[in-house]
1. Determine whether the range 128-135 contains at least one residue that is within 16 Å of the ligand (Cβ to nearest atom), closer than 16 Å to ALA218 by Cα and either open to solvent by 10 Å² or more (accessible area, probe 1.4 Å) or small (Gly, Ala, Ser) (or both).
2. Of the numbered conditions (1) touching a helix residue (DSSP H, G or I) at 6+ places or on another chain (Cβ under 9 Å); (2) open to solvent by less than 20 Å² (accessible area, probe 1.4 Å); (3) among the β-branched types (Val, Ile, Thr), VAL168 fails exactly one; give the number of that condition.
3. Any idea which of (1) within 30 Å of GLY64 (Cβ to Cβ); (2) open to solvent by less than 30 Å² (accessible area, probe 1.4 Å); (3) more than 16 Å from the ligand (Cβ to nearest atom) is the one GLY146 doesn't satisfy?
4. Looking only at residues that are on the phi > 0 side of the Ramachandran plot and within 19 Å of the chain's Cα centre (by Cα) in the range 221-272, which one is nearest to the ligand (Cβ to nearest atom)?
5. Answer yes or no: is there a residue in the range 57-71 that is outside any helix (DSSP H, G or I), within 16 Å of the ligand (Cβ to nearest atom), touching a strand residue (DSSP E or B) at 6+ places or on another chain (Cβ under 6 Å) and open to solvent by less than 70 Å² (accessible area, probe 1.4 Å).
6. What tally of residues in the range 205-220 results from selecting those that are open to solvent by 30 Å² or more (accessible area, probe 1.4 Å), within 19 Å of the chain's Cα centre (by Cα) and of a type in the set (Asp, Glu)?
7. Looking only at the range 81-125, filter to residues that are away from the ligand (no atom under 16 Å from the Cβ) and in a helix (DSSP H, G or I); which one of those is surrounded by the most Cβ atoms within 10 Å (Cβ to Cβ)?
8. Can you tell me which residue within the range 24-56, out of those that are part of a helix (DSSP H, G or I) and among the β-branched types (Val, Ile, Thr), is farthest from the ligand (Cβ to nearest atom)?
Amino acid sequence: MSGTVKRGYVRPLDMKHGRVDLTHGSGGRAMVQLIAELFARHLGNEYLGQGNDGAVLPAPTFDGVPGQLVMSTDCHVVTPLFFAGGDIGCLSVHGTINDVAVMGARPLYLAAGFILEEGFPLADLERIVISMANAAREAGVPVVTGDTKVVEQGKGDGVYITTTGVGVLPPGRAIGGAGAQPGDAILVSGSLGDHGVAIMSQRENLSFDAPIKSDTAALNGMIADMLATAADIHVMRDPTRGGLATTLNEIAGQSGVGMLLREKDIPIKPVVNAACEFLGLDPLYVANEGKLICICPAAAAPELLAAMRAHPLGRDAVQIGEVITDEHHFVQLLTAFGGKRIVDWLTGDQLPRIC
Ligand code: MG
């Protein structure tokens, strides 16, 4: 582009027909232009607008009290980039916000790193960035710094996005995977398997009578409502890759407990069940991107379930089982037929590039 423009004048990016080229990652004028006309235009805020090598942020406080920082990062390589219910842009915002929020922290800021493949349409990139901007705005968590690199055609797959989130944890709050105790209730915020099945059915070109949409969503609002009840929460986690089964096995191991689930109480949409049967998947192992697992004392369960159900993202919240004493740290399932089976760790990679 530099050869075709006069000094001091840069033709605006052709957002409709233009494509990412290697100069967009070169550190020169083309990169500055891509950042200004695409990233800053949509994601802009007072911190991103500082224009330095790093964003200067106020010291984190939680309702006026100095808190601890929580930081989490996540790489996103989902394929396809656009899917029913979302795209890599909003997914990369939701996923990292959720990882910070399930720690009991209030997510404050995001950083975003983009690896773009030469030749990727600018129109698609803009769609992705707008989706990120909307997700960040809705969740109230701005993108305050970022980076873009371009790799040669054939050396990437369109777009990869890494997001990092920072949040603030109020003094005295400790929510983590080691907190589950025998007798605790296991709650989930809604139906399981939607994200993974939405992605897989799109990849396999399957269509169902009722379209299956990803559940990708930011959980920080619902979690804030749950924390506001002051009910005791021992563990929160978002059952993403590996699904409910893998997440509960992780927690059982961390806490040194067993778990007993009731199959009849685990919410799975009939269409998701049908798709799983067709695809040979077990919905308990399929990724979710907008669901929460909460483990709490049995006495706290009614109040937390009420808070979840009062939020649009937790309308179908339900208790699915209990934490039990088990030296083997097994997760077991009481089946609909009255039998019992062990829900083991996910072996191998059942669903690559799901998030
Ligand atoms: Mg997580």
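The values are calculated or read from the model by the stated rules, or taken from the named source; none is laboratory data. Because the structure is a prediction, the values reported are computed rather than measured. Positions of Cβ are generated from backbone atoms using ideal geometry, with glycine treated the same way; all protein chains shown enter the neighbour counts. Just the protein is used for accessible areas: all its heavy atoms, side chains included, with ligands, DNA and RNA removed. Shrake-Rupley method; radii C 1.70, N 1.55, O 1.52, S 1.80 Å.
1. Within the range 128-135, not a single residue is within 16 Å of the ligand (Cβ to nearest atom), closer than 16 Å to ALA218 by Cα and either open to solvent by 10 Å² or more (accessible area, probe 1.4 Å) or small (Gly, Ala, Ser) (or both).
2. (1)
3. (2)
4. Per the stated criteria, the residue is GLY242.
5. Scanning the range 57-71, I find at least one residue that is outside any helix (DSSP H, G or I), within 16 Å of the ligand (Cβ to nearest atom), touching a strand residue (DSSP E or B) at 6+ places or on another chain (Cβ under 6 Å) and open to solvent by less than 70 Å² (accessible area, probe 1.4 Å), so the answer is yes.
6. Result for the range 205-220: 0.
7. GLY89
8. Looking at the filtered set, the residue picked out is VAL32.
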